[in-house]
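Q: Next up is a structure, given as structure tokens.
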Amino acid sequence: MGLGNPGAEFERTRHNLGAEVVELLASRRGVRLRPEKGTRALAASSRLDQELVVLAVPQTYMNESGLAVSALMRRFRVPGTDRLVVVHDELDLPTGRVKVKVGGGTAGNNGLKSIHSHLHDPGYVRVRIGIDKPPGRESGADYVLHRPTRAQRDALDVAVEVAADAVEVIAREGVDAAMLRFNGDATP
């Protein structure tokens, strides 16, 4: 599940990095994200090795992401949150840094808050893409909804690729392998 906001005005903003990762994964798999009936999301299913993987992007605003996530989990009969991977932007990581973790708090991310409130279980896997804290007195809400500078965008383009790689490692080898590979200091 790649978090973001729908609509052209939010494309390439910091808050839509999760959606960018899922779109890249769909492209890599040769599938097209399409509206999934009754879910308020775009989705596509594909096989990764022998495993069925569903790629999805909510078509709700970020603060209602849990509506789409819970509907998709029911639609595809996902047995538990340990089978859910959520990709999102993270203010608490430097720009371009990618980290994988299981469970935890929301760090103020309204998409994660919504998912928590709908699933009642924070035990899902997160692939977090660092966007850094806003400079000066700019609010976090304004900062995430704006497009990054050119230098930041270059770093984030690399991070989107790395995050997509992390999701594939999670699907193929498991979350522990992904944490070992992507949480070290050498990862961008």
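The values are calculated or read from the model by the stated rules, or taken from the named source; none is laboratory data. Owing to the predicted nature of the structure, the values given are computational and were not obtained by experimental measurement. As a convention, Cβ positions derive from the backbone with ideal geometry for all residues, glycine included, and neighbour counts pool all protein chains shown.
Q: What single numbered condition from (1) in a loop (DSSP other than H, G, I, E, B); (2) surrounded by 17 or more Cβ atoms within 10 Å (Cβ to Cβ) fails to hold for G105?
A: Result: G105 passes all but (2).
Q: Every residue in segment 124-136 that is modelled with pLDDT under 95 and either among the basic types (K, R) or in contact with a strand residue (DSSP E or B) (Cβ under 8 Å, 6 or more places away or on another chain) (or both), please.
A: The one that is modelled with pLDDT under 95 and either among the basic types (K, R) or in contact with a strand residue (DSSP E or B) (Cβ under 8 Å, 6 or more places away or on another chain) (or both): K133.
Q: Also: Of the residues E90, E64, E51, which is in contact with a Ser or Thr (Cβ under 7 Å, 6 or more places away or on another chain) and among the acidic types (D, E)? If you could, list the steps in order and put the result at the bottom.
A: Details: E90 fails: in contact with a Ser or Thr (Cβ under 7 Å, 6 or more places away or on another chain); E51 fails: in contact with a Ser or Thr (Cβ under 7 Å, 6 or more places away or on another chain).
Going through E90, E64, E51 in turn, the sole match is E64.
Q: So which of S139, S117 is among the small types (G, A, S) and modelled with pLDDT under 95?
A: Numbers: S117 fails: modelled with pLDDT under 95.
None of the other options fit; the residue is S139.
Q: Test A155 against the criterion of being touching a Ser or Thr at 6+ places or on another chain (Cβ under 7 Å), in a helix (DSSP H, G or I) and crowded, with 16+ Cβ neighbours inside 10 Å, and give yes or no.
A: Yes, satisfied.
Q: Mind checking which pairs have a first residue in segment 1-29 that is farther than 21 Å from T81 by Cβ and a second that is surrounded by fewer than 21 Cβ atoms within 10 Å (Cβ to Cβ) and aromatic (F, W, Y), Cβ under 6 Å, 6 or more apart or different chains?
A: N5/Y61; N16/F10
Q: Does G123 count as among the small types (G, A, S), in a loop (DSSP other than H, G, I, E, B) and at positive phi?
A: Taking the combined requirement at face value, the residue does not satisfy it.
Q: Say whether the condition of being in contact with a Pro (Cβ under 9 Å, 6 or more places away or on another chain) and of a type in the set (G, A, S) is met by at least one residue in segment 36-55.
A: Let us first name the residues in segment 36-55 that are in contact with a Pro (Cβ under 9 Å, 6 or more places away or on another chain), namely 39-43.
Those still in the list that are of a type in the set (G, A, S) too: 41, 43.
Looking for residues that are in contact with a Pro (Cβ under 9 Å, 6 or more places away or on another chain) and of a type in the set (G, A, S), one finds at least one in segment 36-55, hence yes.
Q: Would you confirm, using the coordinates I've provided, whether P134 is touching a Gly at 6+ places or on another chain (Cβ under 8 Å), over 19 Å from K99 (Cα atoms) and assigned to a loop (DSSP other than H, G, I, E, B)?
A: yes
Q: Filter segment 46-62 down to residues that are at pLDDT below 95 and not aliphatic (A, V, I, L, M), then give me how many there are.
A: Qualifying residue count, segment 46-62: 5.
Q: Determine, yes or no, whether R28 is in contact with a helix residue (DSSP H, G or I) (Cβ under 8 Å, 6 or more places away or on another chain), part of a loop (DSSP other than H, G, I, E, B) and closer than 18 Å to V162 by Cα. If you could, list the steps in order and put the result at the bottom.
A: Working: in contact with a helix residue (DSSP H, G or I) (Cβ under 8 Å, 6 or more places away or on another chain): yes; part of a loop (DSSP other than H, G, I, E, B): no; closer than 18 Å to V162 by Cα: yes.
For R28, the condition - in contact with a helix residue (DSSP H, G or I) (Cβ under 8 Å, 6 or more places away or on another chain), part of a loop (DSSP other than H, G, I, E, B) and closer than 18 Å to V162 by Cα - is not met.
Q: Could you pull out the residue among A177, A171, A163, A186 that is closer than 22 Å to V54 by Cβ and at pLDDT below 95?
A: A171
Q: Among the residues of segment 170-187, are any charged (D, E, K, R), surrounded by fewer than 20 Cβ atoms within 10 Å (Cβ to Cβ), out of contact with any strand residue (DSSP E or B) (no Cβ under 9 Å at 6 or more places or on another chain) and not in a helix (DSSP H, G or I)?
A: yes
Q: Mind counting the residues in segment 25-52 that are over 16 Å from S70 (Cα atoms) and surrounded by fewer than 19 Cβ atoms within 10 Å (Cβ to Cβ)?
A: Residues flagged as over 16 Å from S70 (Cα atoms) and surrounded by fewer than 19 Cβ atoms within 10 Å (Cβ to Cβ) within segment 25-52 amount to 15.
Q: Take the conditions under 23 Å from L156 (Cα atoms), among the hydroxyl-bearing types (S, T, Y) and modelled with pLDDT of 95 or more and apply them to T95. Does it pass? Outline the logic, then answer.
A: Values: under 23 Å from L156 (Cα atoms): yes; among the hydroxyl-bearing types (S, T, Y): yes; modelled with pLDDT of 95 or more: yes.
Spelling it out, T95 is indeed under 23 Å from L156 (Cα atoms), among the hydroxyl-bearing types (S, T, Y) and modelled with pLDDT of 95 or more.
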